[in-house]
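**Student:** Mind looking over this structure? Questions follow.
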Amino acid sequence: MASLEQPIEENDTTSVVAQVDTVIETMESQNLSIEEVEIDFLGKFKKILFTLWKNVVGIKTHNEENVTQNYRGDRVERVRLYHVWPGNNVFFLKGLLICGPDPRGLLLTIVSISLSSWVFAVYVARDISKHSSIKVLANLIMVSVIDPGIIPRNNESPATESTGNGRIRSKRVAINEVEMKLKYCRICNIHRPPRSCHCVICDNCVEKFDHHCPWIGQCIGLRNYRLYVLLLVMATVYFVYIFAFSCKKIQHKNSGNGMGFIGLVKDCPETLALTCFSFAAAFFVGGLTAYHVYLIATNQTANENFRQLYGSNRNAFDKGVVNNIKEILLSPWTPSKINFRSEIYRFDHLEHVTEP
């Protein structure tokens, strides 16, 4: 059977119509049968219609055309950023919620608060609302699932000056007439902003890094610090509240029956255990709350205070107690610098590309 191969050019609608006429004239000049022509004509006609469709509505976007031209030997896959994020975070709801890599501390905290609330409602204060822990749990979840202030990475090679041993030089900036050094992060390929630090657990640089909380399983940074402080205050009030009512319950039983410690263990072990737990929790969380009140008043982070960065030098960020409180607790909410739900192109290199 004679070949009907004709080059198909993707110019415009006029050229497509001309190609159709050329195919028809070729079939008539070669006097082919209908059966022989039908197969080649259908194949050519499909290609012509596809070319016409691309010329009229445009199937590829400008970016996709560039991707096809520049990466013909690679397999292109369109994915969301959280699928390929190099950090150790765990994402939920298609990248809307971001958590730390280890949820065991968070689960232990949730179980402890829920169990203490249940024991308190059943054995200590049945007439008091049984939903006293909902606000604490809601705040706990909010702190653990929002972006703490992750700094975007630099995927390009660093174009900065390096030292003789290959290390990137640090930069120096002046903040409120105090010189500060911006260290270079070799993992994220960036000079970290002031007060930032790379968390080795989450494997991210976090803006205004305070610490990585094992009881929440998340970094505490610029975007979730005020929620963290609110959680500490609410948890302290909550456990003091439980401890006070538990002590009152024990005093009531002891004064009525005159039983000693052994009698309390036999008669109300749940209340006694709850009293001990709430006291320990209130002492620990209360001390942590007082520590962060001090940090807020002096405008420090826990990381800076632990490393004694301002022991002999002036704190460039200290603006006085009132202004420090306004800046940390009352300033506008900082938006996230990374949209983990955004779509990107991932290129998987193929050594052998087979044409269809």
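The values are calculated or read from the model by the stated rules, or taken from the named source; none is laboratory data. Source: prediction; values computed, not measured. Cβ placement follows ideal geometry from the backbone for every residue including glycine, while neighbour counts extend to all protein chains displayed. What goes into the accessible areas is simple: the full protein's heavy atoms, side chains included, and nothing from ligands, DNA or RNA. Shrake-Rupley method; radii C 1.70, N 1.55, O 1.52, S 1.80 Å.
**Student:** With the checklist (1) in contact (Cβ under 8 Å) with a residue 24 or more places away in the chain; (2) open to solvent by less than 30 Å² (accessible area, probe 1.4 Å) in hand, flag the one item Glu270 doesn't pass.
**Tutor:** (2)
**Student:** Looking only at segment 323-346, how many residues end up being closer than 9 Å to Arg80 by Cα and open to solvent by less than 60 Å² (accessible area, probe 1.4 Å)?
**Tutor:** 3
**Student:** Can you run down the residue pairs with Cβ atoms below 6 Å, 6 or more apart or on separate chains, where the first is in segment 329-347 and free of Cβ contacts under 8 Å to residues at least 12 places away in the same chain and the partner is of a type in the set (Lys, Arg) and open to solvent by less than 70 Å² (accessible area, probe 1.4 Å)?
**Tutor:** Here the result reads none, with nothing in segment 329-347 linked to a residue that is of a type in the set (Lys, Arg) and open to solvent by less than 70 Å² (accessible area, probe 1.4 Å).
**Student:** Please find, among Thr109, Thr51, the residue that is in contact with a helix residue (DSSP H, G or I) (Cβ under 7 Å, 6 or more places away or on another chain), buried (at least 17 other Cβ atoms within 10 Å of the Cβ) and at pLDDT 90 or above. So that I can check it myself, show each step before the final result.
**Tutor:** Working: Thr51 fails: at pLDDT 90 or above.
After applying the criteria, what remains is Thr109.
**Student:** Determine if segment 215-224 includes at least one residue that is within 22 Å of Arg307 (Cβ to Cβ) and open to solvent by 40 Å² or more (accessible area, probe 1.4 Å).
**Tutor:** Yes - at least one qualifying residue is present in segment 215-224.
**Student:** Please enumerate the residues belonging to segment 211-230 that are within 17 Å of Leu97 (Cβ to Cβ) and in a helix (DSSP H, G or I).
**Tutor:** Leu227, Tyr228
**Student:** Tell me whether segment 283-293 contains one or more residues that are at pLDDT below 95, open to solvent by less than 40 Å² (accessible area, probe 1.4 Å) and over 29 Å from Tyr184 (Cβ atoms).
**Tutor:** No, the conditions are met nowhere in segment 283-293.
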